[in-house]
Amino acid sequence: MLAISTLAWKSLKNRKATALLTVLTVAISVILLMGVERIRTQAKTSFANTISGTDLIVGGRSGQVNLLLYSVFRIGNATNNIDWRSYEEFSQHRAVDWTIPISLGDSHRGFRVMGTNHDYFTHYQFGSRQHLELAEGREFDGLFEAVIGVDVARSLGYKIDDEIIIAHGLSDVAFSRHDNLPFKIVGIFKPTGTPVDKTIHVSLESIEAIHVGWESGALLGPTPTKAELETLDFQPNQITAMLVGLKSRIQTFALQREINTYPLEPLSAIMPGVALHELWGMMSVAEQALMVVSVFVVVAGLLGMLSSLLTSLQERRREMAILRAMGARPRHILMLLVSEASALTFVGIATGLAGLYALLAIAGPIIQQQYGIAIELTMISSYEWMLLGFVQLAGVIIGFIPAIRAYRQSLSDGMTIKV
């Protein structure tokens with residue numbers, strides 16, 4: 001067996017160009033396979049880490065996916081709002097550690113506007129319990145100040161001290177804009193890879209102030225000026241949802257049941273992790289599509305290796321005949337070609353893994369900076385080892401095709417050295 005391995009290695013060295021191309025074909029297949037798998041798992045992890053450290057999300061009575069979509073992903077609209085008195089009651093509940101009120105409904109050039117308070121900057125977490133950080137500026141403090149996500153700043157070219165006009169509702173058209181009440185940008189968040197990047201954050205009081213005169217859903221008369229509104233005190237009457245952090249997670253189900261059966265108004269309390277799992281299940285088609293793509297990539301790479309081996313086989317019939325003349329048996333010929341295919345596959349896998357980690361090391365910081373998605377250089381998981389094992393096994397099986405053909409040719413050629 002050792003002699004066969006040595007002979008296979010020398011044979012590959014003699015055909016360096018062909019062997020190198022075959023290794024590169026397998027390596028590229030492995031890079032794409034493992035890259036797609038890493039992207040799939042990182043996307044799933046990033047999706048699951050959109051919100052972290054929050055025990056309950058509370059909103060008007062609704063399905064948990066709908067509540068998750070509008071409160072976390074800013075997609076869709078709430079079925080109903082929460083009365084401010086209900087918010088205050090649960091924020092002071094003995095089991096509650098902190099709450100973050102959220103008020104949605106306005107927009108700016110396609111980006112959602114969210115009203116909240118300073119607890120958002122303190123308690124909101126994403127990823128592995130990462131807190132929000134400002135890349136520039138400070139938190140909002142005045143009535144008409146805004147902190148924007150990095151995608152808003154990049155897409156619209158905004159910077160600190162620029163002024164923006166918020167529109168009433170989700171349709172940013174001229175008649176719905178609060179033109180006389182511009183907001184000054186005072187802060188820009190660092191990338192998070194979450195909907196925070198696409199959100200404009202203002203205070204709850206600001207949301208109330210810009211809607212003075214819009215109580216019926218449309219502007220019925222002149223609104224107070226910015227200077228006049230800044231002299232008034234505003235307190236929300238309603239909010240869209242609230243995020244809740246508990247003192248102990250043991251109390252999660254008890255508080256959830258208490259909120260869901262709240263007698264003063266219909267409310268829903270959901271656990272983000274459960275809702276995210278349900279939502280990801282609805283999006284599993286995309287995950288399966290990525291897996292299918294990766295499988296076809298590997299199949300294409302292995303077929304390329306098969307084509308290379310079959311092409312070179314005809315040229316090697318004289319070599320096979322000489323080996324037979326020197327005493328090699330047909331099974332030795334078969335083992336020789338299978339060993340070559342196995343070696344090419346193994347080296348291709350090793351090269352592909354090295355290339356993958358090199359690409360991740362180079363591209364990781366760029367992706368983190370540009371998109372806020374952290375691609376970690378983790379060890380190969382058991383599932384990835386299984387995928388690589390299947391690739392190696394497939395390479396060995398592919399090697400049997402030209403090996404069996406050479407086996408039969410060596411029997412028919414014998415020692416006559418036909419070419």
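Just so it is clear, none of the values below were taken in a lab; they were calculated from the coordinates. Only a predicted model underlies this, so the values are computations on that prediction, with no experimental measurement involved. Heads up, the Cβs are rebuilt from the backbone with ideal geometry, glycines too, and the neighbour counts pull from every protein chain shown.
Return the whole-Å distance between the Cα centroid of the range 275-290 and the Cα centroid of the range 245-268.
Here the two parts' Cα centres lie 28 Å apart.
Relative to the present Cα-Cα distance, how much length would full extension add between Asp119 and Ser91 at 0.36 nm per residue of separation? Let's see the in-between values first.
Numbers: separation 28, 0.36 × 28 = 10.08 nm, distance 1.17 nm.
Full-extension gain reported as 8.9 nm.
Report the calculated FRET efficiency for Ala300 and Met386 (r = Cβ-Cβ distance, R0 = 22 Å), to the nearest 0.05.
Rounded to the nearest 0.05, the efficiency is 0.60.
Quick one: which of Lys44/Lys159; Lys159/Lys190; Lys159/Lys198 span more than 20 angstrom between C-alpha atoms? Provide the component values of the computation, followed by the final result.
Working: Lys44/Lys159 32 Å; Lys159/Lys190 13 Å; Lys159/Lys198 15 Å.
From the list (Lys44/Lys159; Lys159/Lys190; Lys159/Lys198), the Cα-Cα distance tops 20 Å for Lys44/Lys159.
Give, rounded to the nearest 20 debye, the magnitude of the charge dipole that the range 56-270 has about its Cα centre when Lys and Arg contribute +1 at Cβ and Asp and Glu contribute -1 at Cβ.
Values: 18 positive and 26 negative charges, 183 e Å.
Approximately 880 debye in magnitude.
Show me the ranking of peptides 105-115, 250-260 by mean Cβ neighbours inside 10 Å, starting with the highest. Numbers along the way, then the final one.
Numbers: 105-115: 19.9, 250-260: 14.7.
Put in order of decreasing packing, that is 105-115, 250-260.
Would you mind checking the range 265-284 for residues with the amide N under 13 Å from a putative spin-label position 7 Å along Cα→C-beta of Arg61?
Under 13 Å, as judged by backbone N against the label point of Arg61, lie 265-269 of the range 265-284.
Students often forget the sequence filter, so: which aspartates and glutamates lie under 13 Å Cα-Cα from Lys16 once same-chain residues fewer than 8 apart are removed?
List returned: Glu340.
How far apart, in nm, are the 7 Å Cα→Cβ label points at Thr378 and Asn80?
4.1
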